[in-house]
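Read the figures in this text as sums done on the coordinates, not as results from a lab. Here the structure is a predicted model, which means the values were calculated and not measured. With ideal geometry, Cβ positions are generated from the backbone for all residues, glycine too; neighbour counts draw on all protein chains shown.
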């Protein structure tokens, strides 16, 4: 998004929209789920694990907070030191002092994208869990698997782009 150099205002706005969707979904889940909740579903879609609404919501809130707050902050933690936890192509180039600002912008943009995609997936799964728990015999539909497959394709495609293009040494920069 933006100039390709990092997260633009549009990227932050879209991430903010995902955060609002996530929070709204969590509130809706609290209001819609029964006290006893089917929380796990086998490959056939049949419920095979149960829990309480409070337990489901608590896990969901903790996971969402870790995602919403954690991914953007992860960049700061990784780049605060030597970059030991960073695994990108041409790591030595990107960790040079003069390249760190661009690296920070790109990594932040990448975390916003991956975090946003994950937030949307979690919201979709919550909607499916509520739907499943309204049925006489709780079961997940095929749309859950389609959403997960779409998420995997998008994240793998984005990762391939990052590995082959995003973190390639910019043209003309090798001499610097």
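Below is a table of values for the structure above.
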| read-out | value |
| --- | --- |
| Sequence-separation-based contact order of segment 9-166, relative, with Cα cut under 8 Å and 6+ spacing, percent | 31 percent |
| Full-extension gain in nm, residue 46 to residue 66, via 0.36 nm per residue minus C-alpha separation | 4.3 nm |
| Rounded to 10°, Cα long-axis angle of helix 9-32 versus longest principal axis of the chain | 20 degrees |
| Cα long-axis angle, helix 142-161 against the chain (0 to 90 degrees, to the nearest 10) | 10 degrees |
| Segment 1-93 - percent relative contact order, Cα under 8 Å, separation 6 or more | 16 percent |
| Helix-only mean residue ellipticity at 222 nm for the chain, each DSSP H run of n ≥ 4 adding -39500 (n - 2.57), per residue, nearest 500 | -22000 deg cm²/dmol |
| Ellipsoid semi-axes in whole angstrom, largest first, where each is sqrt(5λ) of the Cα gyration tensor of segment 9-163 | 35, 16, 13 |
| Spacing of the two label points (7 Å from each Cα toward its C-beta) at residue 35 and residue 23, in nm | 3.1 nm |
| Cα-based helix-to-principal-axis angle, 53-80 vs the chain, degrees rounded to 10 | 0 degrees |
| Efficiency of FRET between residue 160 and residue 131 - r from beta-carbon atoms, R0 41 angstrom, step 0.05 | 0.80 |
